[in-house]
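Each remark here refers to the structure printed beneath this line.
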Amino acid sequence: MRSFAVLLLGILSVTACKKTEVQQVNQAFSAVYSLAASGWTTSDGSLSYHTTLNVPEIDDIVQSGGGVIVYISFDNGANYEALPEVFDGIAYGAVHAKGSVTIDLFALDGGTITPPGSTILAKVVLIDAAPL
């Protein structure tokens with residue numbers, strides 16, 4: 001009877017153990033960049049414009065398992081809008097690669113556009129995470 005009790009206790013203690021893995025975000029970082037009116041470039045006759053931000057913190061780890069979120073502000077940081085976004089008929093988007101974020105814009109109607117005539121802000125948020 002005693003050996004049965006020991007066996008039962010052993011079985012219960014083994015079945016009570018459960019391995020749990022937790023995906024934990026290591027860190028999130030952000031930086032705000034000023035996008036000067038003179039910093040926009042076009043290569044298609046003013047159908048679209050782009051500007052590239054140097055973001056060396058986008059490394060192999062962020063590129064492969066983390067995340068990059070980009071926001072823009074037209075009112076000096078009082079409000080930020082997540083990209084992609086349409087503002088005054090112009091579509092804004094963002095593409096990231098290792099070391100950089102490129103913000104682009106084009107008219108929804110396919111016509112020519114003028115880039116922002118004053119400095120706007122871009123907030124880049126990096127989420128450092130391990131791949132699942």
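Looking across the range 82-116, the residues that are in a loop (DSSP other than H, G, I, E, B) and in contact with a helix residue (DSSP H, G or I) (Cβ under 8 Å, 6 or more places away or on another chain) come down to Lys98, Pro115, Pro116.
Under 7 Å between Cβ atoms, which residue pairs at least 6 apart in sequence (or on different chains) link something in the range 52-71 that is farther than 25 Å from Thr41 by Cα with a partner that is at pLDDT 90 or above and among the aliphatic types (A, V, I, L, M)? Once the first residue is farther than 25 Å from Thr41 by Cα and sits in the range 52-71, its partners that are at pLDDT 90 or above and among the aliphatic types (A, V, I, L, M) give Val62/Val68; Val62/Leu126; Gly66/Leu126; Gly66/Ile127; Gly67/Ile127.
Scoring Leu108 on the criteria (1) free of Cβ contacts under 8 Å to residues at least 24 places away in the same chain; (2) touching a Ser or Thr at 6+ places or on another chain (Cβ under 6 Å) leaves a single failure, condition (2). If you go through the range 119-132 and keep only what is part of a loop (DSSP other than H, G, I, E, B) and either of a type in the set (A, V, I, L, M) or modelled with pLDDT of 95 or more (or both), you end up with Thr119, Ala129, Ala130, Leu132. The lone criterion from (1) modelled with pLDDT under 95; (2) under 26 Å from Leu132 (Cβ atoms); (3) not in a loop (DSSP other than H, G, I, E, B) left unmet by Leu9 is number (2). Residue selection: Pro84 satisfies the criterion of being surrounded by fewer than 14 Cβ atoms within 10 Å (Cβ to Cβ), within 19 Å of Trp40 (Cα to Cα) and modelled with pLDDT of 95 or more.
Pairs meeting the criteria (first residue in the range 17-45 and closer than 15 Å to Thr102 by Cα, second residue aromatic (Phe, Trp, Tyr) and modelled with pLDDT of 60 or more, beta carbons under 7 Å, at least 6 apart or on different chains) are Trp40/Tyr49; Thr41/Tyr49; Thr42/Tyr49. With respect to the conditions (1) within 25 Å of Leu132 (Cβ to Cβ); (2) at pLDDT 95 or above; (3) in contact with an Asp or Glu (Cβ under 6 Å, 6 or more places away or on another chain), His96 lacks only one, and its number is (3). Scanning the range 37-81 for residues that are in a helix (DSSP H, G or I), modelled with pLDDT of 95 or more and not polar (S, T, N, Q) returns Ala37, Gly39. Among the conditions (1) over 23 Å from Ser43 (Cβ atoms); (2) surrounded by fewer than 12 Cβ atoms within 10 Å (Cβ to Cβ), Asp109 misses just one, which is (1).
The values are calculated or read from the model by the stated rules, or taken from the named source; none is laboratory data. Because the structure is a prediction, the values reported are computed rather than measured. Positions of Cβ are backbone-derived with ideal geometry, glycine not excepted, and every protein chain shown enters the neighbour counts.
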